[in-house]
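Here is the structure we will look at.
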Amino acid sequence: MRARLALAMTAAATLTLAACSSGGGSDAGADETTGAGSSEGSGGGESIRIGIKFDQPGLGYQDGSEYTGFDVDVARYVAEQLGYAEDQIEWVQAPSAQRETMLQTGQVDMIFATYSITDTRKEVVSFAGPYFVAGQDLLVAADDDSISGPEDLEGKNLCSVTGSTSAQRIKDEYATGTNLLEQPGYAECVTALTAGQVDAVTTDDIILAGLAAQPANEGKVKVVGNPFSEENYGVGLPLDSDQCEAVNEAITTMIEDGSWEQILEDNVGASGYSANEELNPPTPAACA
């Protein structure tokens, strides 16, 4: 009986020691997973969720697992300046009508998506920047010299996206006799333009430049280059975010080291578009 009892005690002690050793290993593994798991990339720190457009060639465009465009490359630069590596960025689609909600509900940390800074929007979200100043412009056939601005659209056929304020501005302020063709997207408008169904397409100039730079459209269309509005593209942030100053510093560095100009050329240069030099590159506004 004593022998069996001693043997049992020895076995229990051995199992306890093994369990402690195993438990220590599991805790260390858990700590490593927590400290450098899926939320961390090679640059250290947690991942960052950035909202962009998925359907604007030259600005924010998704092609499979690839994301390209001026907004996307600006976002990459800013994220790197903030300490995030490429593999720490999570790209999230940010449709225009949902941008404020996405920031308010924490679906994204910041937004780079042709996001114009307005007083109304600043009531519910914060902005850094601007990092670009766009202007409403016109896209016409490459060989069309009859249209040099919105005042030349009287009696012409104009295409814009359904519900767009761009076309309405022309009808209200410039050419009341313009015939409007509405399409679900600007790519469809460009197709109508190259097919001769319309005389011009209107929206922000850099969006038009991105469309014109697409291989299928090269040499067929051109941006008029006579903008008639100012759209300050900012970085959308949650209201009262503490990131504004850091983002503004990153934008300033991007402009000063020449990266801003190169990013613009890489994404829309093929269209022949050049940004309004009186407004670009812009100086980021002071954070509120």
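Read-outs throughout are calculated quantities, based only on the coordinates presented, and are distinct from any laboratory measurement. As the structure is a computational prediction, the values presented were derived from the model and not from experiment. Reconstructed Cβ throughout: ideal geometry from the backbone, glycine too, with neighbour counts over all protein chains shown.
Summary of values
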{"quantity": "Anchor K171: lysines whose Cα lies under 20 Å away (excluding residues fewer than 8 positions away in-chain)", "calculated": "K156"}
{"quantity": "Relative contact order (%) - criterion: Cα under 8 Å, at least six apart; region: region 53-122", "calculated": "27"}
{"quantity": "Linear extension gain, D63 paired with E278, 0.36 nm per residue minus alpha-carbon span", "calculated": "74.0 nm"}
{"quantity": "Relative contact order for region 136-223, counting Cα pairs under 8 Å that sit 6 or more residues apart, in percent", "calculated": "41"}
{"quantity": "Cross-link reach list, aspartates and glutamates versus K122, counting only Cα pairs under 13 Å and skipping chain neighbours closer than eight places", "calculated": "E100, D240"}
{"quantity": "Restricting region 55-163 to trypsin sites (Lys or Arg not before Pro) in coil, as DSSP defines it, with at most 11 other Cβ within 10 Å", "calculated": "none"}
{"quantity": "Linear extension gain, E265 paired with S148, 0.36 nm per residue minus alpha-carbon span", "calculated": "39.8 nm"}
